[in-house]
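Below is one structure, written out as structure tokens; comments come after it.
The values are calculated or read from the model by the stated rules, or taken from the named source; none is laboratory data. The structure presented is a predicted model; accordingly, all values stated were derived computationally and were not measured. As a convention, Cβ positions derive from the backbone with ideal geometry for all residues, glycine included, and neighbour counts pool all protein chains shown.
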Amino acid sequence: MNSYYHAHIEEIIEHNKDTKSFILDTDLKADPGQFVMAWLPGFDEKPFSLSGKNMVTVKKVGPFTEKLFEKSRGYLDIRGPYGNGFPNIGMNTAIGGGSGIASLISLLSMDEPSATSLTGFVLAGKTKSDLIFLEQIIKTFESSYITDHSSKNVIAVTEEGSYGTKGLVTDAVIPEAEHNYYICGPEPMMENVAEKLISQGIDSKKIYLSIERYMKCGIGICGNCSFSGYRVCTDGPIFRYDKIQDLPHFNKLKRTRTGELIKFNNIYK
């Protein structure tokens, strides 16, 4: 979908004071992990990962999202979906930090039972309120959709210990996947989780990360999302870990709105 779709906002779900999901009136025909460009006419346009066939989940982090949060109903202009999603094969484990959980919930909300399924889901945040979609994930694992697994395969981690394991996501016992591991969250977190998995004997070719960079066009023209030779909008946003783990930009450098390369805040503690 390269032209805009004038999508009606049918429902808004408030997960916490900084995170909302916008449910639209159309099936966007996307694969889990893909993204759309959302446009507020006269203001700006931004990329958002899809958290369902007709849903985007947004964290308030700047002027655009603040403007979007002012909506109670109305319309949102959407183009896409764009990019490459998660591999649609086998039984996998999802590991999400904060708003990164939203991209991974699409593995459950978009799939047919015969397609990609999950053996486990790890959610991490500072507090319980950051564990968005927690109840939905638990219910899905307890339903007949995943017949051989239960909520024991849903692992929650909070930094201050208000729910689940106290600590960082790397402190969690990650449920074993039959095929792949899908990770979404802050880049320092993703690198640390990937390296933990490798230290446990997991092949880096079975680890997939959702990479985020500043996007303007979303279709590979502007180059603002350049990532060590890749364009995140068309080559990603989902990358196999062995392809990016040694790149000079990974968890080190990113571009600003003007294209300037700046150092990444790679502190994870």
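Assorted remarks:
- For region 205-214, the criterion of a residue being loosely packed, with under 15 Cβ neighbours inside 10 Å, in the same structural domain as residue 121 (by TED's automatic domain parsing) and either over 17 Å from residue 94 (Cα atoms) or in contact (Cβ under 8 Å) with a residue 60 or more places away in the chain (or both) is satisfied by no position.
- Top-ranked residue of region 224-256 - restricted to ones that are hydroxyl-bearing (Ser, Thr, Tyr) and part of a loop (DSSP other than H, G, I, E, B), ranked as modelled with the lowest pLDDT: 256
- The set of residues in region 40-85 being without any contact (Cβ under 8 Å) to a residue 60 or more places away in the chain, in a loop (DSSP other than H, G, I, E, B) and charged (D, E, K, R) consists of 53, 60, 70.
- With respect to the conditions (1) part of a helix (DSSP H, G or I); (2) modelled with pLDDT of 85 or more; (3) out of contact with any strand residue (DSSP E or B) (no Cβ under 8 Å at 6 or more places or on another chain), residue 152 falls short on a single one, namely (2).
- Only one of 174, 221 that is closer than 27 Å to residue 257 by Cβ, outside the structural domain of residue 59 (by TED's automatic domain parsing) and part of a loop (DSSP other than H, G, I, E, B): 221
- Taken over region 1-39, the residue count meeting the criterion of being buried (at least 16 other Cβ atoms within 10 Å of the Cβ), in a loop (DSSP other than H, G, I, E, B) and out of contact with any Pro (no Cβ under 9 Å at 6 or more places or on another chain) is 3.
- Qualifying residue in region 189-196 (condition: touching a helix residue (DSSP H, G or I) at 6+ places or on another chain (Cβ under 9 Å), of a type in the set (Lys, Arg) and assigned to a helix (DSSP H, G or I)): yes
- The listed residues are 42, 85, 62, 52, and the only one of them that is under 28 Å from residue 124 (Cα atoms), loosely packed, with under 15 Cβ neighbours inside 10 Å and not charged (D, E, K, R) turns out to be 62.
- Complete set of residues in region 233-263 that are under 26 Å from residue 87 (Cβ atoms) and touching a residue at least 40 places away in the same chain (Cβ under 8 Å): 233, 234, 235, 236, 237, 238, 241, 245, 250, 251, 254
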